């Protein structure tokens, strides 16, 4: 390894430069990697190396840089494998997955550049919520994780290290899977699932390892589904299902012990979610869900069952249009009626716009204005960059009685670079006082 300070050559396993004493593999503020990434601050340390917040000088944006420990890229073959996996990981573009940008090397320092996600990992989020997530949050997080996991499986990646600490929720409420596509490179044998090496080292995180992974068998995407089951169990209860006095004892619990779906800890799990967890955590991988998509569908089905008898104001709204109640009060205007209804161009209407979780939890809220308000919908300004066509939001008039759920029918950015949403009201039409109708047109 080349020392970035004095340029002296050092052994790949050296932790500090023999010539000048500078720490190797640890970067300081202002260091620049690849003549592009300026290190700003440390973000944390993982099993593969340090993670830093950095400034991309070429794209003028903030990124995260993971500097790999020397042993993970010490040979040309390992470096080649890293590049191959990063190429695969870069194909994943999903809002529940952290984007991977590139893999580089500078003076013997190997690094991965990725999207900078500002948020909280699930481990910390669970602690912040007092030990476990309430059902409305837990379902929302679980479904998003399943969706993200399916996205990485779709390009042929097995995560191999899915755990609460590798899942972030950003400030907008979106859950992101991190550290995928590189965990499989860290073992000497690519076909190996992990378990205990000949030197007694455990490859993987014991609390989240599938039985076949604990035994060192070859693994596939169903091992990730088992880990997802562990994560879902943890977000509902605040505890992982299996933990022994030692890491090895934990491995044997995964292999031998039944899933603890009864008792005071499991009592926090909503009853409809119990069979979902039982299937996801099956010892035999053939008995698990065939895909993360299937598990996500099962979680959504469990959510619908949990909603049975729930009051209407806590019905799910994000991505759950199939269970929205009918709205008989909402008229279906003819095309000519739609054209006749002049919208309010001269008086802006103040609204509160909310993005809501699966059981009514407010994930994001902003005060905004509607440029146009018609009987059946409105055009509003927004700073919520993650809303897409088909999403459901809540809209409430500021200082007035009108409120409704609304479907996003279109999203665009105007010439003033302001993001706008075209909304269709779902619960009721806008009252007359919000809608300006031209008498000359309306009386034709």
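Odds and ends about this structure:
- The packing ranking of peptides 124-132, 388-396, highest mean first, is 388-396, 124-132, where packing means the average number of other beta carbon atoms within 10 angstrom of each residue.
- Potential lengthening between residue 418 and residue 7 on full extension [0.36 nm per residue; Cα-Cα distance subtracted]: 143.1 nm
- A Förster radius of 51 Å, combined with the Cβ-Cβ distance separating residue 60 from residue 256, puts the computed FRET efficiency at roughly 0.40.
- Compactness of region 119-308, taken as the C-alpha radius of gyration over 2.2 N^0.38 Å, stands at 0.96.
- Extension reserve of the residue 386-residue 352 stretch, reckoned as 0.36 nm per residue once the Cα distance is removed: 10.5 nm
- Residue 18-residue 53 FRET efficiency (beta carbon distance; Förster radius 35 Å; 0.05 resolution): 0.75
- At R0 = 22 Å, FRET efficiency that the Cβ-Cβ distance of residue 83 and residue 32 yields, to 0.05: 0.55
- Expressed in units of 2.2 N^0.38 Å, where N is the residue count, the Cα radius of gyration of region 32-115 is 1.05.
- Region 87-157 shape via C-alpha gyration tensor axes, a/c threshold 1.5: oblate
No value in this document is a laboratory result; all are computed from the given coordinates. No experiment lies behind these values; they were computed from the predicted model shown. Positions of Cβ are backbone-derived with ideal geometry, glycine not excepted, and every protein chain shown enters the neighbour counts.
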